[in-house]
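The values are calculated or read from the model by the stated rules, or taken from the named source; none is laboratory data. Everything quoted here is computed from the prediction, not taken from an experiment. As a convention, Cβ positions derive from the backbone with ideal geometry for all residues, glycine included, and neighbour counts pool all protein chains shown.
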Ligand SMILES: NCCCNCCCCCS
Ligand SMILES: [Zn+2]
């Protein structure tokens, strides 16, 4: 299996995040991608390729143009306003406020285009975001060209980013962009299987009213887990999308026995949908030692995930999402991939 990776992710480093009443060093750090890349090499998964660069046309197929136009201006505007450190919002247009009028100052714009304080910017963040998008697009093209699977080693991740908002360490929704690109390249139906611990609220929002992209999410129950405000089992899609969105919220402490059963059910629904290609939002923060998550999967479980997805017999694009236990992130993420390959 080929891996696509860009060292430009590292420019998004040293960023702080707002969590639980404190400004702390971001959990989504450069070492994550480096450790996964090293594991890909150590396991001999296959060649590691640099991405081709792309314009943002494919991103604009799922993200609002004004949102995309905003991202590269964040750091210059932040600096021009006399600030340094990490660009983090502190005000959001929640209920009773207006989200239809675009304000002018950077502090307001950061809140206008985000849903939490988890998608901060430093000087190299935009370059990292763009490289992550190029990685996903390049890996998608490898699958389109006929390879059975490819691994987009994306950083920053993307599944929390919606059409016009960032959050949860996510800016451009790499998996959603790839799914839409497969559709634009002629695939009649595409499935996105999100196995990250956190609900892929951005991916759900993007495709919620559509029946041509099926979205299946296994995740911590939003009644008690981030992102809290989306991801319930009764969210089944709307309009033409009714019946094509499937959420599997699960409680703290979930282990392989019930998580694997949810995966089986999701794969059965995916098979019944008969997609031409599957995009896997590969987060490994389901791991028992993950510092910000509360499931109990063990390293030995990750190859089982890969084998189950391989049994679908479909062209598959793996897109890296979360996973914050950096010592084991490589073992677990690459474990899915070697499992998929028959390991
Ligand atoms: N105390 C938990 C804070 C969560 N902050 C954002 C988590 C984003 C996960 C992306 S996969
Ligand atoms: Zn996550």
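Any residue that is assigned to a strand (DSSP E or B), more than 30 Å from residue 87 (Cα to Cα) and either over 16 Å from the mean Cα position of the chain (by Cα) or within 14 Å of ligand 2 (Cβ to nearest atom) (or both) - is there at least one of those in region 198-212?
Let us first name the residues in region 198-212 that are assigned to a strand (DSSP E or B), namely none.
The answer is no, given that none of the residues of region 198-212 is assigned to a strand (DSSP E or B), more than 30 Å from residue 87 (Cα to Cα) and either over 16 Å from the mean Cα position of the chain (by Cα) or within 14 Å of ligand 2 (Cβ to nearest atom) (or both).
Checking each residue in region 279-297 for being touching a helix residue (DSSP H, G or I) at 6+ places or on another chain (Cβ under 7 Å), away from ligand 2 (no atom under 13 Å from the Cβ) and not in a strand (DSSP E or B) picks out only 289.
Against the definition (part of a helix (DSSP H, G or I) and either in contact with a strand residue (DSSP E or B) (Cβ under 7 Å, 6 or more places away or on another chain) or buried (at least 21 other Cβ atoms within 10 Å of the Cβ) (or both)), how does residue 233 come out, yes or no?
Working: part of a helix (DSSP H, G or I): no; either in contact with a strand residue (DSSP E or B) (Cβ under 7 Å, 6 or more places away or on another chain) or buried (at least 21 other Cβ atoms within 10 Å of the Cβ) (or both): yes.
For residue 233, the condition - part of a helix (DSSP H, G or I) and either in contact with a strand residue (DSSP E or B) (Cβ under 7 Å, 6 or more places away or on another chain) or buried (at least 21 other Cβ atoms within 10 Å of the Cβ) (or both) - is not met.
Residue 316 satisfies every condition listed in (1) closer than 27 Å to residue 44 by Cα; (2) within 16 Å of ligand 2 (Cβ to nearest atom); (3) at pLDDT 95 or above except (2).
Residue-by-condition table, conditions (1) more than 20 Å from residue 8 (Cα to Cα); (2) away from ligand 1 (no atom under 16 Å from the Cβ); (3) out of contact with any helix residue (DSSP H, G or I) (no Cβ under 9 Å at 6 or more places or on another chain):
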| residue | (1), (2), (3) |
| --- | --- |
| 61 | yes, yes, no |
| 65 | yes, yes, yes |
| 84 | yes, yes, no |
| 88 | yes, no, no |
| 95 | yes, yes, yes |
| 105 | yes, yes, no |
| 122 | no, yes, no |
| 129 | no, no, no |
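Scan region 263-288 for residues that are in contact with a strand residue (DSSP E or B) (Cβ under 7 Å, 6 or more places away or on another chain) and at positive phi and report the count. Residues that pass the stated criteria total 0.
Scanning for something out of contact with any strand residue (DSSP E or B) (no Cβ under 8 Å at 6 or more places or on another chain), at pLDDT 95 or above, under 24 Å from residue 67 (Cβ atoms) and surrounded by 18 or more Cβ atoms within 10 Å (Cβ to Cβ), does region 198-219 turn up at least one residue? Explain how you work it out, then say what you get.
Looking only at region 198-219, we keep the residues that are out of contact with any strand residue (DSSP E or B) (no Cβ under 8 Å at 6 or more places or on another chain), and these are 209-211.
With at pLDDT 95 or above added as a condition, the list becomes 209-211.
Going one step further and asking which of them are under 24 Å from residue 67 (Cβ atoms), we end up with 209-210.
Still in the list and also surrounded by 18 or more Cβ atoms within 10 Å (Cβ to Cβ): 210.
For region 198-219, residues out of contact with any strand residue (DSSP E or B) (no Cβ under 8 Å at 6 or more places or on another chain), at pLDDT 95 or above, under 24 Å from residue 67 (Cβ atoms) and surrounded by 18 or more Cβ atoms within 10 Å (Cβ to Cβ): present.
Scanning region 166-189 for residues that are buried (at least 24 other Cβ atoms within 10 Å of the Cβ) and part of a strand (DSSP E or B) turns up 166, 170.
Evaluate the following for residue 274: is it away from ligand 1 (no atom under 12 Å from the Cβ), touching a helix residue (DSSP H, G or I) at 6+ places or on another chain (Cβ under 9 Å) and at pLDDT 95 or above? Let's see the steps before the verdict.
Values: away from ligand 1 (no atom under 12 Å from the Cβ): yes; touching a helix residue (DSSP H, G or I) at 6+ places or on another chain (Cβ under 9 Å): no; at pLDDT 95 or above: yes.
Spelling it out, it is not the case that residue 274 is away from ligand 1 (no atom under 12 Å from the Cβ), touching a helix residue (DSSP H, G or I) at 6+ places or on another chain (Cβ under 9 Å) and at pLDDT 95 or above.
Look at residue 29 and say whether it is under 23 Å from residue 123 (Cα atoms) and over 24 Å from the mean Cα position of the chain (by Cα). Judged against the criteria, residue 29 is not a match. Highlighted here are the strands (runs of 3 or more DSSP E) found entirely within region 1-119 that include at least 2 residues which are free of Cβ contacts under 8 Å to residues at least 60 places away in the same chain: 22-25. Which one of these does residue 180 not meet: (1) within 16 Å of ligand 2 (Cβ to nearest atom); (2) closer than 25 Å to residue 138 by Cβ? Result: residue 180 passes all but (1). Among the conditions (1) away from ligand 2 (no atom under 15 Å from the Cβ); (2) over 17 Å from residue 267 (Cα atoms), residue 216 misses just one, which is (2).
In region 31-66, which residues are in contact with a strand residue (DSSP E or B) (Cβ under 6 Å, 6 or more places away or on another chain), surrounded by 20 or more Cβ atoms within 10 Å (Cβ to Cβ) and over 21 Å from residue 327 (Cβ atoms)?
From region 31-66, those in contact with a strand residue (DSSP E or B) (Cβ under 6 Å, 6 or more places away or on another chain) are 40, 46-49, 51; that's our starting set.
Filter once more, so that each one left must be surrounded by 20 or more Cβ atoms within 10 Å (Cβ to Cβ): 40, 51.
51 - this is the single residue of region 31-66 that is in contact with a strand residue (DSSP E or B) (Cβ under 6 Å, 6 or more places away or on another chain), surrounded by 20 or more Cβ atoms within 10 Å (Cβ to Cβ) and over 21 Å from residue 327 (Cβ atoms).
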